[in-house]
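Just so you know, all these numbers are worked out from the coordinates, no wet-lab data involved. Just so we're clear, the structure is a prediction, and the values are computed from it rather than from any experiment. Note: ideal-geometry Cβ built from the backbone for every residue, glycine included; neighbour counts use all protein chains shown.
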Amino acid sequence: MKIERITLREIRIPLVHFFETSFGRTTERRILLVSIDSEGTTGWGECTAGENPFFSEESIDTAWSVTVDFLVPSLLGKQLSGPADAIAPMAPVRGHRMAKASIENALWHLEAIQKNVPLWKLVGGTRPRIDCGVSIGIQNSIEQLLEKIATEVGAGYRRIKLKVKPGWDLNVLERVRAQFPKISLSVDANSAYTLEDFDHLRRFDAFDLLMIEQPLWHDDFYFHAKLQEKIKTALCLDEAIHHARAAQAALELTACRIINIKLGRVGGFTEAKRVHDVAQSNGVPVWCGGMLESGIGRAHNIAMSTLENFRLPGDVSASKRYWKEDIIDPEVTVSPEGDITVPQSPGLGFAIKEELIDRWTVRREEFRAGAQAGTH
Ligand code: OSB
Ligand code: MG
């Protein structure tokens, strides 16, 4: 595949409902989409960086600038034998994995089209259906949260994950468990707790949680291992796992017993597969995290979730929970049993609504091999 053209677009789409974590509330997404043209086909990638550098160091604006200034020049005009060939040219750029992932994943999409196989098969998946859970943000009131849980349980989702932070945790869990004693329940703190909270976190053991996701610092394994020794509930790492080597270190330390894999956070399909394999060889289950993606990122998440060791329901849920209208056709739907049927058609398995994307585009930059940069 010769990299003939790379196009960056920023689209803005309001969320159907605000999403609040311990680091803040999002009401409208600004999403960077990357498309790459080669020999008459186009592959698409979605950058999962947020509007602000709060989940990780990256934001849509850092991703845009690193892509334009460094990643595009490292690849434009190159002849690659596959998506993994893009890794070495981008390697001099340290970190910025969400920016790199949008390029690498676009190349995976491209290769799936060129080889006329479904993306999920190309990445090595085996599952015909994937199990779905939902992530429910912090609400204005516990009553509102209880209503939301009832809706999602009613829709069939197999696991409910609640965002927690100091002041919105034990009090919430008491009420939730009183009303829903049996549901599969987990929590995600997005690094909202510290060493002073160990006794407090131990009280989470009373609620029969599937896991506590990233309770401590975003860059920590060591103190998570200390905490895991002291509590019964399994810890799951999200923010701290940037690559397979980190997964290996975390598992050797027993800093967690479950790993959340996000394509953007680890830099794309190639590294995500390595993290998956490290966890699998350690007997540790993984699941697919979400970053409030539009349909393109969501379709990539579905493909990844078909790998064998994705043994727990992910945060990959129906388009309509996020968007009035999605940028793929059909949109992602979840069955009343709480699963997504993986598309069998070649490529992404979903058509990309380019006209809609064009209408929603607020910024666009295009680079052609052997031509000067142009902004439209
Ligand atoms: O920590 O998993 C997280 C959303 C934005 C940033 C971080 C996280 C999340 C979610 C939402 O939990 C998952 C989703 O529904 O896409
Ligand atoms: Mg998380």
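Worth pointing out:
- Distance from segment 205-232 to segment 154-173 (C-alpha centre basis), Å: 16 Å
- Three-way shape call for segment 262-376 based on the alpha-carbon gyration tensor, with the a/c threshold at 1.5: oblate
- Between the beta carbons of Glu174 and Asp69, assuming R0 = 56 Å, the FRET efficiency works out to 0.65 to the nearest 0.05.
- Taking a ≥ b ≥ c as the square roots of the eigenvalues of the Cα gyration tensor, segment 1-158 is oblate, since a/c reaches 1.5 or more and a/b is not larger than b/c.
- In the chain, the longest principal axis of the Cα atoms and the axis of helix 142-155 are about 60 degrees apart.
- Taken one residue at a time, the phi angles of segment 303-308 give Karplus couplings (6.51, -1.76, 1.60, θ = phi - 60°) of 4, 5, 5, 7, 5, 4 Hz. Gly and Pro are set to x.
- Segment 264-342-segment 53-85 distance, computed between alpha-carbon centres (Å): 22 Å
- A crude spin-label estimate for the pair Ser141 and Glu51, with each label 7 Å from Cα along the Cβ direction, gives 2.5 nm.
- The H on the amide N of Ile136, modeled in the peptide plane, is under 5 Å from the matching H of Lys161, Leu162, Lys163, each at least 5 residues off or on a different chain.
- On full extension, the segment bounded by Trp217 and His200 gains 4.5 nm, given 0.36 nm per residue less the C-alpha separation.
- Remark: segment 349-354, residue by residue, has Karplus-estimated 3J(HN,Hα) of x, 9, 7, 9, 7, 5 Hz, where x stands for each Gly or Pro and the curve is 6.51 cos²θ - 1.76 cosθ + 1.60 at θ = phi - 60°.
- Residues whose placed amide H lies under 5 Å from that of Ala351, excluding near-sequence neighbours: Asp329
- Computed from backbone phi with θ = phi - 60° and the Karplus coefficients 6.51, -1.76 and 1.60, the 3J(HN,Hα) list for segment 20-34 is 10, 10, 5, 9, x, 10, 10, 10, 9, 8, 10, 10, 8, 10, 10 Hz; x is used for glycine and proline.
- For Val316, the amide hydrogen comes within under 5 Å of the amide hydrogens of Gly133, counting only partners 5 or more places away or on other chains and with H modelled in the peptide plane.
- Rounded FRET efficiency, nearest 0.05, which uses the C-beta distance separating Glu252 from Arg311 and R0 of 22 Å: 0.60
- The angle separating the long axis of helix 97-115 from the principal Cα axis of greatest extent in the chain is about 60 degrees.
- Cα-projected label distance for Lys78 with Arg5, points at 7 Å along beta-carbon direction, nm: 2.1 nm
- Values of log10 I(q)/I(0), in the order q = 0.19 Å⁻¹, for segment 206-291 under a Debye, Cα-only, solvent-free model: -0.75
- Between the helical axis of 170-179 and the longest alpha-carbon principal axis of the chain there is an angle of about 80 degrees.
- Shape of the chain, Cα gyration tensor, a/c cut at 1.5: prolate
- For the listed residue pairs Lys182/Lys230; Lys161/Lys320; Lys165/Lys273; Lys161/Lys353; Lys100/Lys163, the alpha carbons are over 20 angstrom apart in Lys182/Lys230; Lys165/Lys273; Lys161/Lys353; Lys100/Lys163.
- Distance in nm between pseudo-label sites at Ile87 and Arg129 (7 Å out along the Cβ direction from Cα): 3.3 nm
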